[in-house]
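Note sheet for the following structure.
The values are calculated or read from the model by the stated rules, or taken from the named source; none is laboratory data. For clarity, every value in this text was computed on a predicted model and none was experimentally measured. Virtual Cβ from ideal backbone geometry, glycine too; neighbours counted across all protein chains shown. Just the protein is used for accessible areas: all its heavy atoms, side chains included, with ligands, DNA and RNA removed. Shrake-Rupley method; radii C 1.70, N 1.55, O 1.52, S 1.80 Å.
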Amino acid sequence: MLWRVRTSLPDRPGALAVLAQNCGEAGVNILGLQIFPGIGAVTDELVLRTPEGWGLPELAELVEASGGVSVTAARCTEAALTDQATRYVQAARSVLAQPASFPEVVAKLFDAESDPTEGALATVQDVMDMTVGDVQVQVRRTAPFTATEHARASSMADLVTDVLERSRDLASSPVPARRVGGGAVPEYVASDDSVTALIDGTPVGLAVVRPRTGEEGVRPVTLRVDPAWQRRGIGTRLLVESARLAHALGAEEIVLTTRADNQAALPMVLSAGLRGRIRMSADVLTVRVPVHEMRPAHH
(Lines give C-alpha, C1' and ligand atoms only; values in the text may rest on other atoms or scores of the structure.)
Protein backbone atom coordinates (compact mmCIF):
# COMPACT_ATOMS: atom_id res chain seq x y z
CA MET A 1 0.00 0.00 0.00
CA LEU A 2 1.33 3.45 -0.95
CA TRP A 3 1.09 6.51 1.27
CA ARG A 4 2.08 10.14 0.83
CA VAL A 5 3.37 11.35 4.21
CA ARG A 6 4.40 14.84 5.31
CA THR A 7 6.25 15.66 8.49
CA SER A 8 8.59 18.25 9.96
CA LEU A 9 11.95 17.04 11.21
CA PRO A 10 14.57 18.97 13.23
CA ASP A 11 17.08 20.75 11.00
CA ARG A 12 20.13 18.86 12.23
CA PRO A 13 22.50 16.24 10.77
CA GLY A 14 21.17 12.70 10.92
CA ALA A 15 17.50 13.56 11.52
CA LEU A 16 16.39 12.06 8.21
CA ALA A 17 18.70 9.07 8.70
CA VAL A 18 16.87 8.16 11.92
CA LEU A 19 13.55 8.11 10.06
CA ALA A 20 15.03 6.06 7.21
CA GLN A 21 16.49 3.52 9.65
CA ASN A 22 13.21 3.14 11.54
CA CYS A 23 11.32 2.73 8.26
CA GLY A 24 13.70 -0.03 7.21
CA GLU A 25 13.36 -1.87 10.51
CA ALA A 26 9.57 -1.71 10.24
CA GLY A 27 9.53 -3.04 6.68
CA VAL A 28 8.47 0.33 5.24
CA ASN A 29 10.07 1.22 1.91
CA ILE A 30 10.79 4.89 1.05
CA LEU A 31 10.03 5.22 -2.67
CA GLY A 32 10.07 9.01 -2.99
CA LEU A 33 11.35 12.01 -1.05
CA GLN A 34 10.90 15.75 -1.47
CA ILE A 35 12.51 18.22 0.92
CA PHE A 36 11.17 21.71 1.71
CA PRO A 37 13.83 23.69 3.64
CA GLY A 38 12.87 25.93 6.54
CA ILE A 39 14.32 27.73 9.54
CA GLY A 40 14.77 25.39 12.52
CA ALA A 41 12.87 22.55 10.90
CA VAL A 42 12.63 20.88 7.51
CA THR A 43 9.41 19.60 5.94
CA ASP A 44 9.81 16.22 4.25
CA GLU A 45 7.28 14.64 1.92
CA LEU A 46 7.76 10.91 1.49
CA VAL A 47 6.05 8.28 -0.61
CA LEU A 48 6.06 5.09 1.46
CA ARG A 49 5.13 1.51 0.73
CA THR A 50 3.92 -0.10 3.94
CA PRO A 51 3.18 -3.70 4.93
CA GLU A 52 -0.39 -4.92 4.55
CA GLY A 53 -2.69 -3.80 7.31
CA TRP A 54 -0.93 -0.52 8.05
CA GLY A 55 -3.04 2.59 8.53
CA LEU A 56 -2.76 6.14 9.81
CA PRO A 57 -2.08 5.17 13.46
CA GLU A 58 0.89 2.96 12.55
CA LEU A 59 2.36 5.57 10.21
CA ALA A 60 1.99 8.37 12.75
CA GLU A 61 3.59 6.25 15.46
CA LEU A 62 6.55 5.39 13.21
CA VAL A 63 7.22 8.95 12.09
CA GLU A 64 6.70 10.54 15.50
CA ALA A 65 9.05 7.99 17.11
CA SER A 66 11.64 9.15 14.58
CA GLY A 67 11.35 12.78 15.69
CA GLY A 68 8.73 13.92 13.21
CA VAL A 69 5.96 16.36 14.14
CA SER A 70 2.88 17.68 12.31
CA VAL A 71 2.43 14.32 10.60
CA THR A 72 -0.17 14.04 7.84
CA ALA A 73 -0.71 11.01 5.60
CA ALA A 74 -3.02 9.97 2.79
CA ARG A 75 -3.21 6.98 0.52
CA CYS A 76 -1.86 7.62 -2.97
CA THR A 77 -1.08 5.90 -6.26
CA GLU A 78 2.11 5.53 -8.24
CA ALA A 79 1.34 8.94 -9.77
CA ALA A 80 2.78 10.41 -6.55
CA LEU A 81 6.18 9.24 -7.74
CA THR A 82 6.13 11.64 -10.72
CA ASP A 83 9.16 13.91 -10.75
CA GLN A 84 8.17 17.16 -9.02
CA ALA A 85 9.95 19.42 -11.51
CA THR A 86 8.05 17.66 -14.28
CA ARG A 87 4.75 18.24 -12.49
CA TYR A 88 5.37 21.99 -12.27
CA VAL A 89 6.47 22.24 -15.90
CA GLN A 90 3.34 20.38 -16.97
CA ALA A 91 1.20 22.68 -14.82
CA ALA A 92 2.83 25.75 -16.36
CA ARG A 93 2.20 24.40 -19.86
CA SER A 94 -1.46 23.80 -18.97
CA VAL A 95 -2.09 27.33 -17.75
CA LEU A 96 -0.16 28.86 -20.66
CA ALA A 97 -2.36 26.95 -23.08
CA GLN A 98 -5.56 27.59 -21.11
CA PRO A 99 -5.23 30.37 -18.48
CA ALA A 100 -8.82 29.82 -17.34
CA SER A 101 -7.79 26.38 -16.07
CA PHE A 102 -5.56 27.94 -13.40
CA PRO A 103 -7.82 27.21 -10.37
CA GLU A 104 -8.24 23.57 -11.36
CA VAL A 105 -4.54 23.13 -12.18
CA VAL A 106 -3.26 24.54 -8.88
CA ALA A 107 -5.84 22.56 -6.90
CA LYS A 108 -4.37 19.36 -8.33
CA LEU A 109 -0.77 20.56 -8.17
CA PHE A 110 -0.96 21.38 -4.45
CA ASP A 111 -3.26 18.48 -3.50
CA ALA A 112 -6.24 20.59 -2.47
CA GLU A 113 -8.70 18.72 -0.27
CA SER A 114 -12.42 18.79 0.16
CA ASP A 115 -13.73 20.77 3.09
CA PRO A 116 -13.89 18.54 6.19
CA THR A 117 -17.32 17.30 7.08
CA GLU A 118 -18.87 18.47 10.31
CA GLY A 119 -17.68 16.30 13.19
CA ALA A 120 -14.62 15.00 11.33
CA LEU A 121 -11.44 14.54 13.36
CA ALA A 122 -9.16 16.65 11.14
CA THR A 123 -11.06 19.94 10.81
CA VAL A 124 -8.10 22.32 10.65
CA GLN A 125 -6.88 23.07 7.15
CA ASP A 126 -4.08 25.32 5.99
CA VAL A 127 -4.89 27.98 3.40
CA MET A 128 -2.82 29.30 0.50
CA ASP A 129 -3.90 32.38 -1.46
CA MET A 130 -2.84 33.32 -4.98
CA THR A 131 -3.82 36.48 -6.86
CA VAL A 132 -4.62 36.68 -10.57
CA GLY A 133 -5.54 40.23 -11.54
CA ASP A 134 -8.12 41.29 -8.98
CA VAL A 135 -9.23 37.73 -8.26
CA GLN A 136 -7.96 35.77 -5.28
CA VAL A 137 -7.67 31.99 -5.77
CA GLN A 138 -7.57 29.93 -2.58
CA VAL A 139 -6.70 26.28 -1.96
CA ARG A 140 -6.86 24.34 1.31
CA ARG A 141 -5.48 21.10 2.72
CA THR A 142 -4.62 19.50 6.05
CA ALA A 143 -0.84 19.42 5.48
CA PRO A 144 0.61 22.93 6.01
CA PHE A 145 1.86 24.69 2.90
CA THR A 146 5.58 25.37 2.98
CA ALA A 147 7.33 28.64 2.12
CA THR A 148 8.64 26.95 -1.02
CA GLU A 149 5.12 26.07 -2.12
CA HIS A 150 3.89 29.61 -1.43
CA ALA A 151 6.70 30.95 -3.64
CA ARG A 152 5.90 28.46 -6.41
CA ALA A 153 2.20 29.27 -6.27
CA SER A 154 2.86 33.02 -6.40
CA SER A 155 5.09 32.57 -9.46
CA MET A 156 2.42 30.48 -11.16
CA ALA A 157 -0.22 33.14 -10.48
CA ASP A 158 2.10 35.86 -11.82
CA LEU A 159 2.56 33.78 -14.96
CA VAL A 160 -1.20 33.59 -15.53
CA THR A 161 -1.61 37.32 -14.89
CA ASP A 162 1.10 38.12 -17.44
CA VAL A 163 -0.45 35.82 -20.04
CA LEU A 164 -3.88 37.39 -19.58
CA GLU A 165 -2.53 40.91 -19.76
CA ARG A 166 -0.55 40.21 -22.94
CA SER A 167 -3.30 38.36 -24.75
CA ARG A 168 -6.01 40.82 -23.72
CA ASP A 169 -8.47 37.96 -24.13
CA LEU A 170 -10.26 39.02 -20.94
CA ALA A 171 -11.54 42.56 -20.65
CA SER A 172 -11.11 44.44 -17.39
CA SER A 173 -14.79 45.49 -17.37
CA PRO A 174 -18.00 44.29 -19.02
CA VAL A 175 -19.35 45.95 -22.14
CA PRO A 176 -22.81 47.40 -21.36
CA ALA A 177 -24.35 46.45 -24.72
CA ARG A 178 -22.51 43.69 -26.52
CA ARG A 179 -23.73 42.25 -29.79
CA VAL A 180 -23.69 38.47 -29.93
CA GLY A 181 -24.42 35.92 -32.64
CA GLY A 182 -26.62 37.29 -35.41
CA GLY A 183 -26.03 40.90 -34.35
CA ALA A 184 -28.58 40.73 -31.53
CA VAL A 185 -28.02 42.83 -28.40
CA PRO A 186 -28.99 40.95 -25.23
CA GLU A 187 -31.56 42.56 -22.98
CA TYR A 188 -31.22 42.07 -19.22
CA VAL A 189 -34.47 42.18 -17.25
CA ALA A 190 -34.42 42.24 -13.46
CA SER A 191 -37.28 41.03 -11.27
CA ASP A 192 -37.51 40.89 -7.47
CA ASP A 193 -34.82 38.23 -7.08
CA SER A 194 -33.52 37.36 -10.55
CA VAL A 195 -32.03 38.73 -13.75
CA THR A 196 -32.91 37.23 -17.14
CA ALA A 197 -30.92 37.61 -20.35
CA LEU A 198 -33.18 37.82 -23.41
CA ILE A 199 -32.34 37.57 -27.12
CA ASP A 200 -35.27 38.82 -29.23
CA GLY A 201 -37.53 38.09 -26.27
CA THR A 202 -36.25 34.53 -25.76
CA PRO A 203 -34.55 33.72 -22.40
CA VAL A 204 -30.97 32.51 -22.89
CA GLY A 205 -29.60 33.05 -19.39
CA LEU A 206 -30.77 33.43 -15.81
CA ALA A 207 -29.22 34.50 -12.52
CA VAL A 208 -31.22 34.01 -9.32
CA VAL A 209 -30.38 35.56 -5.94
CA ARG A 210 -31.34 32.92 -3.40
CA PRO A 211 -32.45 33.53 0.20
CA ARG A 212 -29.76 33.76 2.88
CA THR A 213 -28.81 30.29 4.16
CA GLY A 214 -26.76 31.01 7.28
CA GLU A 215 -24.03 33.59 6.94
CA GLU A 216 -25.21 37.10 7.71
CA GLY A 217 -25.15 39.33 4.67
CA VAL A 218 -24.32 36.51 2.23
CA ARG A 219 -26.71 35.48 -0.56
CA PRO A 220 -26.17 32.43 -2.80
CA VAL A 221 -26.55 33.05 -6.53
CA THR A 222 -27.29 30.45 -9.20
CA LEU A 223 -26.31 31.41 -12.73
CA ARG A 224 -26.95 29.56 -15.98
CA VAL A 225 -26.47 30.41 -19.65
CA ASP A 226 -27.80 28.17 -22.41
CA PRO A 227 -24.90 26.24 -23.98
CA ALA A 228 -25.54 27.76 -27.41
CA TRP A 229 -25.05 31.27 -25.97
CA GLN A 230 -22.05 30.66 -23.74
CA ARG A 231 -18.66 32.42 -24.19
CA ARG A 232 -20.38 35.60 -25.45
CA GLY A 233 -20.22 37.74 -22.32
CA ILE A 234 -23.74 36.93 -21.16
CA GLY A 235 -22.62 35.12 -18.00
CA THR A 236 -20.34 38.02 -17.10
CA ARG A 237 -23.15 40.54 -17.43
CA LEU A 238 -25.53 38.33 -15.47
CA LEU A 239 -22.95 38.11 -12.69
CA VAL A 240 -22.66 41.92 -12.53
CA GLU A 241 -26.42 42.47 -12.60
CA SER A 242 -27.10 39.79 -9.98
CA ALA A 243 -24.42 41.34 -7.75
CA ARG A 244 -26.21 44.70 -8.03
CA LEU A 245 -29.54 43.06 -7.31
CA ALA A 246 -28.14 41.23 -4.26
CA HIS A 247 -26.77 44.51 -2.92
CA ALA A 248 -30.18 46.12 -3.35
CA LEU A 249 -31.61 43.22 -1.32
CA GLY A 250 -29.22 43.98 1.54
CA ALA A 251 -26.43 41.51 0.82
CA GLU A 252 -22.76 42.24 1.50
CA GLU A 253 -21.48 39.29 -0.53
CA ILE A 254 -22.70 36.74 -3.06
CA VAL A 255 -21.60 33.11 -3.37
CA LEU A 256 -21.64 30.87 -6.45
CA THR A 257 -20.76 27.16 -6.34
CA THR A 258 -19.84 24.97 -9.30
CA ARG A 259 -17.67 22.01 -10.31
CA ALA A 260 -13.94 22.24 -9.68
CA ASP A 261 -13.25 21.76 -13.39
CA ASN A 262 -15.50 24.62 -14.53
CA GLN A 263 -13.09 26.84 -16.45
CA ALA A 264 -15.63 29.62 -16.96
CA ALA A 265 -15.39 30.90 -13.38
CA LEU A 266 -12.04 32.72 -13.51
CA PRO A 267 -12.57 34.57 -16.82
CA MET A 268 -16.13 35.47 -15.84
CA VAL A 269 -15.07 37.13 -12.59
CA LEU A 270 -12.08 38.85 -14.23
CA SER A 271 -14.18 40.12 -17.13
CA ALA A 272 -16.79 41.45 -14.72
CA GLY A 273 -14.17 43.67 -13.10
CA LEU A 274 -15.12 42.35 -9.67
CA ARG A 275 -12.76 41.61 -6.79
CA GLY A 276 -13.80 38.01 -6.34
CA ARG A 277 -12.32 35.16 -4.34
CA ILE A 278 -12.22 31.67 -5.83
CA ARG A 279 -11.89 28.84 -3.34
CA MET A 280 -10.85 25.44 -4.63
CA SER A 281 -11.37 22.06 -3.00
CA ALA A 282 -10.95 18.60 -4.43
CA ASP A 283 -14.25 18.67 -6.32
CA VAL A 284 -15.96 22.03 -5.69
CA LEU A 285 -15.18 25.57 -6.82
CA THR A 286 -16.73 28.40 -4.79
CA VAL A 287 -16.76 32.03 -5.94
CA ARG A 288 -17.36 34.77 -3.39
CA VAL A 289 -17.84 38.36 -4.57
CA PRO A 290 -18.24 41.41 -2.28
CA VAL A 291 -21.20 43.53 -3.43
CA HIS A 292 -21.35 46.24 -0.76
CA GLU A 293 -20.07 48.87 -3.22
CA MET A 294 -22.32 47.83 -6.12
CA ARG A 295 -25.01 50.12 -7.41
CA PRO A 296 -28.55 48.74 -7.38
CA ALA A 297 -29.75 46.91 -10.48
CA HIS A 298 -31.89 48.92 -12.86
CA HIS A 299 -35.41 47.71 -13.50
If you take the square roots of the eigenvalues of the alpha-carbon gyration tensor of the stretch 1-70 and sort them as a ≥ b ≥ c, do you get rounded (a/c under 1.5), prolate (a/b over b/c) or oblate?
prolate
Ranked by GNM mean-square fluctuation in the chain (Cα springs under 10 Å), the top entry among Gln230, Gln136, Gln125 is Gln230
I need the shape label for the stretch 213-299. Rule: rounded when a/c is under 1.5, else prolate if a/b > b/c, else oblate, with a, b, c from the alpha carbon gyration tensor.
oblate
C-alpha long axis of helix 15-25 to longest principal axis of the chain, angle in °:
70 degrees
Per residue value of the accessible surface for the chain (all protein chains in place, 1.4 Å probe), Å²
53 Å²
Stretched fully, the stretch from Val127 through Val189 gains (0.36 nm per residue minus C-alpha distance, one decimal, in nm) 18.4 nm
Based on DSSP H runs of at least 4 residues, each adding -39500 (n - 2.57), what is the mean residue ellipticity at 222 nm of the chain after dividing by all its residues, to the nearest 500 deg cm²/dmol?
-9000 deg cm²/dmol
What is the calculated FRET efficiency for Leu33 to Ser155, with r their C-beta to C-beta distance and R₀ = 22 Å, to the nearest 0.05?
0.45
Between Pro220, Pro57, Pro203, where does the largest GNM mean-square fluctuation fall for the chain, given springs only between Cα atoms within less than 10 Å?
Pro57
Give me the percent of accessible area attributable to carbon and sulfur for the chain, probe 1.4 angstrom.
51 percent
Farthest positive-ward along the chain dipole, Cα basis, beta-carbon charges - from Asn262, Thr82, Ala143
Asn262
Positive-pole candidate from Val106, Ser94, Trp3, dipole of the stretch 1-153, charges at beta carbon:
Ser94
Roughly speaking, what is the stretch gain from Thr213 to Asp283, that is 0.36 nm per residue apart minus the C-alpha to C-alpha distance, in nm to one decimal?
23.1 nm
Quick one: work out the % antiparallel among DSSP beta bridges in the stretch 188-276, nearest 5.
80 percent
Counting DSSP beta bridges with both ends in the chain, the antiparallel % (nearest 5):
90 percent
Roughly how many debye, to the nearest 20, is the charge dipole of the chain about its Cα centre, given +1 on each Lys and Arg Cβ, -1 on each Asp and Glu Cβ, and no other charges?
1000 debye
